[in-house]
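Engineer: To start, I am sharing the structure in question, which I have written as structure tokens.
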Protein chains: 2
Amino acid sequence: MFAKDFSHLYSDECNRRNQDKLSALFAYAQRKDVTFLGNGLPESKYFPWQSVSGTCPTPPFANGIDSCDKSTDTFSFQTMKNDNSNSKLGTCGDSSFNLARGLQYQAIEGQPAVLDFIREHLKIIHKVGTHYQDWDAILSIGNCQAFDAIIRTFCNVGDFILAEEYSFSATVNAAKAQGIKPVSLKMDDHGIIPEYLIELLDNWPADLKKPKLLYTIPTGQNPLSYSLSTERKKIIYEVLQKHDILIVEDEPYYFLQTGEYVSKNERKEVKFNNHQEFVDSLATSFLSLDNDGRVLRMESYSKVLAPGIRLGFIAGSSAILKKISAYHLMSIMAPSGFSQTFLNELLNSWKQTGYLDWLIGLRHEYTLKRDGALDCLLELIPKELIENDVVRVSPPAAGMFFTVELNAKKHSKFNGDKNAVEDYINEKFIEEGVIVAPGSWFAVGNPEEIKDIISSEDDGYIFYRMTFAASELPIIQEGIAKIANVIKFEFK
Amino acid sequence: MFAKDFSHLYSDECNRRNQDKLSALFAYAQRKDVTFLGNGLPESKYFPWQSVSGTCPTPPFANGIDSCDKSTDTFSFQTMKNDNSNSKLGTCGDSSFNLARGLQYQAIEGQPAVLDFIREHLKIIHKVGTHYQDWDAILSIGNCQAFDAIIRTFCNVGDFILAEEYSFSATVNAAKAQGIKPVSLKMDDHGIIPEYLIELLDNWPADLKKPKLLYTIPTGQNPLSYSLSTERKKIIYEVLQKHDILIVEDEPYYFLQTGEYVSKNERKEVKFNNHQEFVDSLATSFLSLDNDGRVLRMESYSKVLAPGIRLGFIAGSSAILKKISAYHLMSIMAPSGFSQTFLNELLNSWKQTGYLDWLIGLRHEYTLKRDGALDCLLELIPKELIENDVVRVSPPAAGMFFTVELNAKKHSKFNGDKNAVEDYINEKFIEEGVIVAPGSWFAVGNPEEIKDIISSEDDGYIFYRMTFAASELPIIQEGIAKIANVIKFEFK
């Protein structure tokens, strides 16, 4: 089976991208049978780094990844510029990557050693290749850059896309700046409501072009922290299939699946007896349900390794990825060779099992933080405020965030004016010395053309997004105490 | 004096870019007086690199940078994640950059330590700040990415820009893909012909919008290797000032100013007695002539340090740079923290004087390679082919390239059909085992609307671009011998 052809959805810009004959010459630079006077490649002897090295913790991180930061159970690697047989200082696995290559112009798609690791990882986690065989992965500079490249490959000015009604502002702003019109999809406690999506698309005005793609953050949604169930994903996939719409799944938090929140007394520690149990516990992705090659999965190393690496990948149909690479060729070219070198040394030393050990450790850490934050929040918010529909808390099962919802109508001032209450309470939070993100900042809104067909119910709640990620738990709990103080005072 | 306001030239996309309230919260993450529950920043203890290190040559590179690759006169640095007082292993200078910061989310504009170095460098080389004070620099991921971001900030679909008639295909293709229409500027042996530019703009059709910007590679132009004189730059600047047009100078080869080619017998080695003599020898940039803030200068570390670092910068009016940063915020976010860490350790160890030593060494190396390539070429091409207007060679004074021009009319086949001759001779080069870039690949062309006002003379020459950069000189000379063989056979 092969991926379907989605070339009728490409943007004008994508269709205007010329094949660059010049960059095709790079392929000759490595060949021994020709003399290469083609591209302006500097000789590697002029690269002023003779070697780079790094020290990293060694799997399986038996004492947890929290302590491995200071652990002496580490390995070191050194990547030499002039040594093909990569000098090894440590003991953890093998890797082959010479710095002369890491510092030269990079393959647009990414270094083969890095991509091979990612492809193998995708087979393990998402069983790619079982539905259609012409899939692939290419590197990106994180999910914002990946999304920018994807929408420039599919959308023209005036095109519609679908998005969760509250969503990540950087990506949504990128779409709006490009003149693309995001249409909000209503959500409940489990994410996008499939019935709403069906109604919207079945009643889509005949004189408007259908949306080109759905942009969704299925796991630990930002800002609302909900995760879409497999059941909903299957329905959504079929609906979008029917309407010829692509799916872009933005998954920075996929490996932060902290599981259902269980109250302190009944909590049991989740232990995985082996890697397969961990893999089986993970959410079914849109990518793994994809028969058509209509899903583009964006993953980032920002949350699982480090944001400063500025590396991620896009997985999907290789025909589509080629079009995205054609844009990369005339913009970013490729991600940093330093980042790729350090990622390669890490992952190919750890190997797939070591990386899974890391992800299991990370899941454990974020579960402790999620539990510690939510325990504190539920303890400090008076029960009667919850029972009287003043405050709503829906503990997250994934991601870095939790939300506190407040009923604006229950505030003594502003007559239920949500914006006014949101601003006012946020000022009180700042006065109390705690910084959070007001929910309205994430509101996607709707374009004029669509407003008629959208029934807008409003339950009068506002919300604030908060993270348990950015500090040690005691500090997060201090912040939550400040939040609770303001709420108690304002809604007493 | 302050930069002029060019906001009337901004693109629709630029004007639609929202200020992102969410990213503004990052500023609170460092503050001690508030509890930060704002953005999804992972704690640095979960970054799996405890330290990174590198080894680099030590200035002043007294034996040349060619030998310093294997030199033992090196220094090493180590950047620790958990150590604020950056552990030093070597002796070359000081720097402060902790890996926890290098691996966290980066400032969109770039790390202050890196930007401070670049600002100081720009003052030394281009005397920025003397004409207008509100200038600045921001990091980019190389000049292709910088140009992509600049044209998205100024150009709408259908807008015109000016470019050299032969130019770098990746940037020109990026503009064309965006629906921007590049207009060719005629060149002679000294680059853009000012009189041609004046005539073109004075006769610009009244019903068409003026071009938004000039895209130029002033030093060691790609592909033609010409460098614009200061005199021409001043005229061009005034003409563009009159017509309200911006200048984007793409300067990857600026520090490869190999000087006039002097024939082997009369050649004397150029020696700089001090750094100032070197600085004084450098071309006057458009940036240094800029009174208005209409120049955006793009520089890359690809040719002077290493392409894989994927780092460069844009210098110009800070008001314009803010608009470009607003795009970076919703796409690349910031260049790799690894790249910034290794650049910072290098440059802030070398300091400005050490970096100038490096650039002087690099200039020396490229001069040797340019001279060795041109000596060989002029020796192997029979004099009578040059005297009889069959072959033209214009030795370059900067950059990585040289060209061989051939008179298509003098070939026995194809009746002077330039495309046919170009393809045919290129095939012969490949058969002979040498890879070059045919000139037509760089032809910018002209949009339909402009063709009437353009007088097109054609002298019947085709050209091939060749580089002396990509290999050691003996290999380059092997390639040149193959070129000469083909030419001698085909035009005997």
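Engineer: Using the Cα centre as the reference, give the magnitude of the dipole from point charges on the C-beta atoms of the protein assembly as shown (Lys, Arg: +1; Asp, Glu: -1; all else neutral), rounded to the nearest 20 debye. If you can, show how the numbers build up before the last one.
Structural biologist: Details: 102 positive and 130 negative charges, 212 e Å.
For the protein assembly as shown, the charge dipole is close to 1020 debye.
Engineer: Using the reciprocal of the averaged 1/r over all distinct C-alpha pairs, how large is the Kirkwood radius of the protein assembly as shown in Å? It would help to have the intermediate numbers written out before the result.
Structural biologist: On the way: mean 1/r = 0.0333 Å⁻¹.
Hydrodynamic radius (Kirkwood, Cα pairs) of the protein assembly as shown is 30.0 Å.
Engineer: Can you give the average number of partner chain beta-carbon atoms within 10 Å of each beta-carbon in peptide B:478-485, as a whole number?
Structural biologist: On the way: counts 2, 5, 2, 1, 3, 2, 0, 0.
Counting other chains' Cβ atoms within 10 Å and averaging over B:478-485 gives 2.
Engineer: Sort A:367-378, B:323-334, B:114-125 by the packing proxy (mean of other Cβ within 10 Å over each peptide's residues), most packed first. Please report the intermediate quantities before stating the final value.
Structural biologist: Details: A:367-378: 20.5, B:323-334: 23.1, B:114-125: 18.7.
Going by the mean number of other Cβ atoms within 10 Å, highest first, we get B:323-334, A:367-378, B:114-125.
Engineer: Shortest first, in nm, what separates the label point of B:Asp134 from those of the same position in the other copies (7 Å along Cα→Cβ)?
Structural biologist: Those separations, rounded to one decimal, come out as 5.3 nm.
Engineer: Please average, across the residues of A:337-350, the number of beta carbons from any other chain that are within 10 Å of each residue's own beta carbon, and give a whole number. Numbers along the way, then the final one.
Structural biologist: Numbers: counts 8, 15, 8, 4, 3, 8, 2, 0, 1, 2, 1, 0, 0, 1.
Partner-chain Cβ atoms within 10 Å, mean over residues of A:337-350: 4.
Engineer: Let me check against my output: what whole-number percent is the relative contact order of region A:360-492, with C-alpha pairs under 8 Å and at least 6 apart?
Structural biologist: Values: 149 pairs, mean separation 48.3, N = 133.
In percent, rounded to a whole number, it is 36.
Engineer: With the contact rule set at Cα under 8 Å and sequence spacing of 6 or more, what percent relative contact order holds for region A:307-426? Before the final figure, lay out each step's value.
Structural biologist: On the way: 51 pairs, mean separation 13.7, N = 120.
Averaging sequence separation for qualifying contacts and normalising by length gives 11 percent for region A:307-426.
Engineer: Another question, then. For chains B and A, what's the summed buried accessible area, probe 1.4 Å, to the nearest 100 square angstrom? Mind showing how you got there, number by number?
Structural biologist: Numbers: alone 22820 and 22810 Å², together 36280 Å².
Heavy-atom accessible area buried at this interface is about 9300 Å².
Engineer: Any chance you could give the angle, 0 to 90 degrees and rounded to 10, that helix A:112-126 forms with the longest Cα principal axis of chain A?
Structural biologist: Roughly 40 degrees, rounded to the nearest 10.
Engineer: Just to verify a number: FRET efficiency for B:Gln133 and A:Arg31, C-beta to C-beta distance, R0 = 56 Å, to 0.05? Mind dumping the intermediate values first?
Structural biologist: Working: r = 52 Å, r/R0 = 0.93.
Once rounded, the FRET efficiency stands at 0.60.
Engineer: Would you kindly work out, in nm and rounded to one decimal, the distances from the label point of A:Lys409 to those of the same position in each other copy, ordered shortest first, with label points 7 Å along Cα-to-Cβ?
Structural biologist: In ascending order, 8.7 nm.
Engineer: Which whole number gives the average count of other chain Cβ atoms within 10 Å of the Cβ atoms across peptide B:170-179? Intermediate values should be presented prior to the final figure.
Structural biologist: On the way: counts 8, 2, 3, 10, 8, 1, 5, 13, 6, 5.
What the average comes to for B:170-179 is 6.
Engineer: Is the C-alpha gyration tensor of chain A telling us rounded, prolate or oblate? Criteria: a/c under 1.5 is rounded; beyond that, a/b larger than b/c is prolate, otherwise oblate.
Structural biologist: On the way: a/c = 2.03, a/b = 1.32, b/c = 1.53.
Oblate shape, in that a/c is at least 1.5 and b/c is the bigger or equal ratio.
Engineer: Calculate, for B:Asn63 and B:Lys123, the FRET efficiency according to 1/(1 + (r/R0)^6) with r their C-beta to C-beta distance and R0 41 Å; round to the nearest 0.05. Present the calculation step by step, with values, prior to reporting the outcome.
Structural biologist: Numbers: r = 30 Å, r/R0 = 0.73.
Here the calculated transfer efficiency is 0.85.
Engineer: Sort B:245-254, A:5-14 for me by packing, meaning the mean count of neighbouring Cβ atoms within 10 Å per residue, highest on top.
Structural biologist: Numbers: B:245-254: 25.1, A:5-14: 16.2.
Packing proxy ranking, top to bottom: B:245-254, A:5-14.
Engineer: Same structure again: Please state the shape class of region A:216-351: rounded when a/c is under 1.5, otherwise prolate if a/b exceeds b/c and oblate if not, all from the C-alpha gyration tensor.
Structural biologist: Values: a/c = 2.10, a/b = 1.18, b/c = 1.78.
The shape class here is oblate.
Engineer: What number comes out for accessible area per residue over chain B if the probe is 1.4 Å? Units Å², please.
Structural biologist: On the way: 18150 Å² over 492 residues.
Result: 37 Å² of accessible area for each residue.
Engineer: Answer with one residue from B:Cys68, B:Ser317, A:Phe338: the one whose Cα lies farthest towards the positive end of the charge dipole of the protein assembly as shown, charges on Cβ with Lys, Arg +1 and Asp, Glu -1.
Structural biologist: Farthest towards the positive pole: B:Cys68.
Engineer: Can I ask one more? Set the bar at 22 Å for Cα to Cα. Now go through B:Lys212/B:Lys323; A:Lys212/A:Lys242; A:Lys369/A:Lys488; A:Lys32/B:Lys428 and name every pair that lies beyond it.
Structural biologist: On the way: B:Lys212/B:Lys323 16 Å; A:Lys212/A:Lys242 13 Å; A:Lys369/A:Lys488 24 Å; A:Lys32/B:Lys428 18 Å.
Where the Cα-Cα span goes over 22 Å, the pairs concerned are A:Lys369/A:Lys488.
Engineer: If you place +1 on the Cβ of every Lys and Arg and -1 on the Cβ of every Asp and Glu, how big does the dipole about the Cα centre of region B:365-490 come out, in debye to the nearest 20? Before the final figure, lay out each step's value.
Structural biologist: Details: 13 positive and 23 negative charges, 45 e Å.
So the dipole magnitude of region B:365-490 works out to roughly 220 debye.
Engineer: By DSSP, what percent of the beta bridges with both residues in the protein assembly as shown are antiparallel, rounded to the nearest 5? Don't skip to the answer; put the middle values down first.
Structural biologist: Numbers: 69 of 103 bridges.
Roughly 65 percent of the beta bridges in the protein assembly as shown run antiparallel, per DSSP.
Engineer: Report the convex hull volume per residue for region B:365-490, counting only C-alpha atoms, in Å³. Let's see the in-between values first.
Structural biologist: Values: hull volume 15.6 nm³, N = 126.
Hull volume over Cα atoms, normalised by residue count, gives 123 Å³.
Engineer: In region B:322-336, what residues drop by 30 Å² or more of accessible area when the other protein chains are put back, versus the chain on its own? Use 1.4 Å, and skip ligands and nucleic acids.
Structural biologist: B:Tyr327, B:Met330, B:Ser331, B:Ile332, B:Met333, B:Ser336
Engineer: Can you give the angle from 0 to 90° between the axis of helix B:318-329 and the longest principal axis of chain B, with both taken from C-alpha atoms, to the nearest 10?
Structural biologist: 80
Engineer: On the full set of protein chains, 1.4 Å probe, figure out the accessible area of A:Phe160 and give it in Å² to the nearest 10.
Structural biologist: 10
Engineer: For the pairs B:Lys268/B:Lys410; B:Lys233/B:Lys451; A:Lys264/B:Lys21, note any where the Cα-Cα span goes beyond 27 Å.
Structural biologist: Working: B:Lys268/B:Lys410 37 Å; B:Lys233/B:Lys451 25 Å; A:Lys264/B:Lys21 35 Å.
From B:Lys268/B:Lys410; B:Lys233/B:Lys451; A:Lys264/B:Lys21, over 27 Å: B:Lys268/B:Lys410; A:Lys264/B:Lys21.
Engineer: Tell me the carbon and sulfur percent of the accessible area for region A:368-490, rounded to whole percent, probe radius 1.4 Å. Mind dumping the intermediate values first?
Structural biologist: Working: 2460 of 5190 Å².
So the carbon and sulfur contribution to the accessible surface is 47 percent.
Engineer: Looking at A:Gly110, A:Thr219, B:Phe168, which one has the Cα that reaches farthest to the positive end of the dipole of the protein assembly as shown (charges on Cβ: Lys, Arg +1; Asp, Glu -1)?
Structural biologist: So the residue we want is A:Gly110.
Engineer: What percent does the relative contact order of chain B come to when contacts are Cα pairs within less than 8 Å and at least six residues apart? Write out the running numbers ahead of the final one.
Structural biologist: Values: 836 pairs, mean separation 94.1, N = 492.
Reported relative contact order: 19 percent.
Engineer: When each copy gets a label point 7 Å from Cα toward the beta-carbon at A:Lys209, what are the spacings between them in nm, shortest first?
Structural biologist: A:Lys209 label point versus its equivalents elsewhere: 2.0 nm.
Engineer: Okay, helix-only estimate at 222 nm for chain B: each DSSP H run of n ≥ 4 adds -39500 (n - 2.57), divide by all residues, round to 500 deg cm²/dmol; what do you get?
Structural biologist: On the way: 16 runs with 180 residues, N = 492.
The helix contribution divided over chain B gives -11000 deg cm²/dmol.
Engineer: Shape verdict for region A:108-364, please, from the Cα gyration tensor: rounded (a/c under 1.5), prolate (a/b greater than b/c) or oblate. Present the calculation step by step, with values, prior to reporting the outcome.
Structural biologist: On the way: a/c = 1.75, a/b = 1.16, b/c = 1.50.
Judged from the Cα gyration tensor, region A:108-364 comes out oblate (a/c at least 1.5, b/c at or above a/b).
Engineer: I've got another one for you. Taking the dipole about the Cα centre of region A:368-490, with the C-beta of Lys and Arg at +1 and of Asp and Glu at -1, give me whichever of A:Met466, A:Ile480, A:Asn388 is farthest to the positive side.
Structural biologist: A:Ile480
The values are calculated or read from the model by the stated rules, or taken from the named source; none is laboratory data. What you see is a predicted model; the values in this text were computed from it and never measured. Cβ atoms come from the backbone with ideal geometry, glycine included; neighbour counts cover every protein chain shown. Remember, those area values only see protein heavy atoms, side chains included, never the ligands or the DNA or RNA. Shrake-Rupley method; radii C 1.70, N 1.55, O 1.52, S 1.80 Å.
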